[in-house]
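Heads up: the structure comes next, in structure tokens.
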Amino acid sequence: MTPKPGEVTKLLLQVQGQQPGAEARLLELVYGELRKLAASHMRRERSDHTLSATALAHEAWLRFRKDLTNADLHSRQQFFAVATTAMRRILVEHARARSAEKRGGPAQPIRVESLDMFSAPDDDQLLALDEALAALSELRPRAARVVELRFFGGFSHEQIGGLLGLERRTVDRDWAFARAWLLGALRQGQTKGGPQP
């Protein structure tokens, strides 16, 4: 089911106004796209991940649906940006839990040279990337948001520009800066015990 232009926005406003049945209609309308977004996230995960795209979509919905009435969401893009953040947090939590289970064994080194922004990171790489992204967020929040939307959400530079109200070349610059900064932070983290700005 493809939503008509403005339909998601209309339902978001109804959910925020706490109109009966609006949340169920919103889920029905966005479920297919939410599932595709989750599948995009899962393509970057290891093949033996315990979550499926469907499970990730459901868990993300359950987590952020409570905030829908309080969130300042006015568009479909904002809705899916929030969903991207929720999915990223879920995947990072799963990686932390899996990493905690492995403690006591040999540490898996992070090979920054082979870490492609679109490859499937292992648990250690995902956790290191999440820490580095948090540090980047302190330094350049907009660049960190561009990385989150592109890497974790699968949004194009044009979509990110529309979502953040930026020109394409600004998104390109933020992406280039963030990628270089993150790779440097990850390299530094391998030798000094953690990424540092």
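Return the distance in nm (one decimal) between the two label points of a simple spin-label model at E28 and R169, each offset 7 Å from Cα along Cα→Cβ.
Between E28 and R169, the label points sit 4.7 nm apart.
What list of ³J(HN,Hα) values in whole Hz, one per residue of segment 169-180 in order, does the Karplus curve 6.51 cos²θ - 1.76 cosθ + 1.60 (θ = phi - 60°) give from phi, with Gly and Pro shown as x?
Coupling constants for segment 169-180: 5, 5, 4, 4, 5, 4, 4, 4, 4, 4, 4, 4 Hz.
Pop a pseudo-label 7 angstrom from the Cα along the beta-carbon direction at both R63 and K10 and give the gap in nm to one decimal.
Each label point is offset 7 Å from its Cα along the Cβ direction, giving 3.1 nm.
What is the gain in length, in nm to one decimal, between R140 and S75 on full extension, counting 0.36 nm per residue of separation less the C-alpha to C-alpha distance?
The R140-S75 span can extend by a further 21.0 nm.
Mind sorting D124, D67 by how few other Cβ atoms lie within 10 Å of their own Cβ, fewest first?
Lowest to highest Cβ neighbour count: D67, D124.
Quick check: pseudo-label points 7 Å beyond the Cα along Cα→Cβ at R43 and S156, how many nm apart are they?
My value for the distance between the label points is 1.4 nm.
Quick note: the coordinates plus some simple rules give every number you see, no bench work behind them. This is a predicted model, so every value here is computed, not measured. All Cβ positions, glycine included, derive from the backbone under ideal geometry; neighbour counts span all protein chains shown.
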